[in-house]
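Novice: Sharing a structure, written as structure tokens. Questions coming.
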Amino acid sequence: MKKSKPRILAFAGSARKESHNKKLVRLAATAAEEAGAEVTLIDLADYPLPIMDEDLEKEQGLPANATKLKELFLESDGLMISCPEYNSSITPLLKNTIDWVSRPVPGEPRLAPYIDKVAVLMAASPGALGGLRGLVHVRAILQNIGVTVLPDQRAVSQAHDAFDEEGKLKDSSTQEAIAKLGKGLADVLQRLARP
């Protein structure tokens, strides 16, 4: 019997059209697919959400886009997230997405979209640290809600000059490191799926 491919949900915590982090996660997603995973690459700009508000949720229920995102999370085995850094921390868009997706519906276990998920993180920033400080916060949030975050990560500095016109990284060692993150997540998920 043929085993199903591990399913990875990949996205960047940015809505900006020319986001460096969108370019970065695409590179890792391609490597994960080449390593045998089924990757669903989404753009959070396609799922606009109000700011998390329990009063709004009580009055109107879970927003339609939160439900769509939640289904994508539930269907995935792993998460691949490229994390922009805003003022040394997580972006409001990424935090708001995590919070809405976490909201339970009747009969659903608490934090169901995150439990038993495995994630890999990366970041790109115009700054010298490449978004490294923000990754610390994203890692802590995900681990606290039940996600296993792989230790390997990569922060790409000077991101405004790091990509070529085709969206690849100019530095071959950095390109290889990002590909290794994608392949690594696919490999871990494949090993976990073995009986």
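Novice: Those residues that are under 22 Å from Gly78 (Cβ atoms) and either in contact with a Gly (Cβ under 8 Å, 6 or more places away or on another chain) or without any contact (Cβ under 8 Å) to a residue 24 or more places away in the chain (or both), I need them from the range 40-64; list them, please.
Specialist: Matches in the range 40-64: Leu44, Asp46.
Novice: For Ala35, indicate whether it is small (Gly, Ala, Ser), surrounded by fewer than 22 Cβ atoms within 10 Å (Cβ to Cβ) and free of Cβ contacts under 8 Å to residues at least 40 places away in the same chain. Outline the logic, then answer.
Specialist: Values: small (Gly, Ala, Ser): yes; surrounded by fewer than 22 Cβ atoms within 10 Å (Cβ to Cβ): yes; free of Cβ contacts under 8 Å to residues at least 40 places away in the same chain: no.
In short, no.
Novice: Cβ-Cβ under 6 Å, sequence separation 6+ or interchain: first residue in the range 172-194 and closer than 11 Å to Met80 by Cα and surrounded by 18 or more Cβ atoms within 10 Å (Cβ to Cβ), partner of a type in the set (Val, Ile, Thr) and at pLDDT 95 or above. Which pairs?
Specialist: Final answer for the pair search is Leu181/Val120; Leu185/Val120.
Novice: May I ask you to verify whether Leu129 is modelled with pLDDT of 95 or more and of a type outside the set (Phe, Trp, Tyr)?
Specialist: Numbers: modelled with pLDDT of 95 or more: no; of a type outside the set (Phe, Trp, Tyr): yes.
In short, no.
Novice: For the subset of the range 17-32 comprising residues that are basic (Lys, Arg) and modelled with pLDDT of 95 or more, which member is surrounded by the fewest Cβ atoms within 10 Å (Cβ to Cβ)?
Specialist: Let us first name the residues in the range 17-32 that are basic (Lys, Arg), namely 17, 22-23, 26.
From the residues that got through so far, the ones that are modelled with pLDDT of 95 or more too are 22-23, 26.
Values: Lys22: 23, Lys23: 21, Arg26: 19.
Per the stated criteria, the residue is Arg26.
Novice: Please enumerate the residues belonging to the range 46-59 that are out of contact with any Phe, Trp or Tyr (no Cβ under 8 Å at 6 or more places or on another chain) and over 15 Å from Ile81 (Cβ atoms). Walk me through it before giving the result.
Specialist: Filtering the range 46-59 for residues out of contact with any Phe, Trp or Tyr (no Cβ under 8 Å at 6 or more places or on another chain) gives 46-48, 50-51, 53-59.
Asp46, Pro48, Pro50, Ile51, Asp53, Glu54, Asp55, Leu56, Glu57, Lys58, Glu59 - these are the residues of the range 46-59 that are out of contact with any Phe, Trp or Tyr (no Cβ under 8 Å at 6 or more places or on another chain) and over 15 Å from Ile81 (Cβ atoms).
Novice: Checking Asp152 against (1) in a helix (DSSP H, G or I); (2) within 22 Å of Arg26 (Cβ to Cβ); (3) acidic (Asp, Glu): exactly one of these is not met. Which one?
Specialist: For Asp152, the exception is condition (1).
Novice: Also, I was wondering about something else. I want to confirm something. Restricting to the range 85-106 and keeping residues that are closer than 18 Å to Glu75 by Cβ and without any contact (Cβ under 8 Å) to a residue 60 or more places away in the chain, which single residue is surrounded by the fewest Cβ atoms within 10 Å (Cβ to Cβ)? Spell out the reasoning first.
Specialist: Of the range 85-106, the ones closer than 18 Å to Glu75 by Cβ are 97-98, 100-105.
Checking which are without any contact (Cβ under 8 Å) to a residue 60 or more places away in the chain leaves us with 98, 100-105.
On the way: Ile98: 22, Trp100: 22, Val101: 24, Ser102: 18, Arg103: 18, Pro104: 13, Val105: 10.
The selected residue is Val105.
Novice: Quick check, is Lys58 farther than 17 Å from Gly13 by Cα, basic (Lys, Arg) and in contact with a strand residue (DSSP E or B) (Cβ under 8 Å, 6 or more places away or on another chain)? Break it down stepwise before answering.
Specialist: Values: farther than 17 Å from Gly13 by Cα: yes; basic (Lys, Arg): yes; in contact with a strand residue (DSSP E or B) (Cβ under 8 Å, 6 or more places away or on another chain): no.
When the stated conditions are applied, Lys58 does not pass them.
Novice: How many residues, within the range 107-126, are surrounded by 17 or more Cβ atoms within 10 Å (Cβ to Cβ), under 28 Å from Asp171 (Cα atoms) and out of contact with any Gly (no Cβ under 8 Å at 6 or more places or on another chain)?
Specialist: Residues in the range 107-126 being surrounded by 17 or more Cβ atoms within 10 Å (Cβ to Cβ), under 28 Å from Asp171 (Cα atoms) and out of contact with any Gly (no Cβ under 8 Å at 6 or more places or on another chain): 2 in total.
The values are calculated or read from the model by the stated rules, or taken from the named source; none is laboratory data. In this text the structure is predicted, and so the values were computed from the model without any measurement. Reconstructed Cβ throughout: ideal geometry from the backbone, glycine too, with neighbour counts over all protein chains shown.
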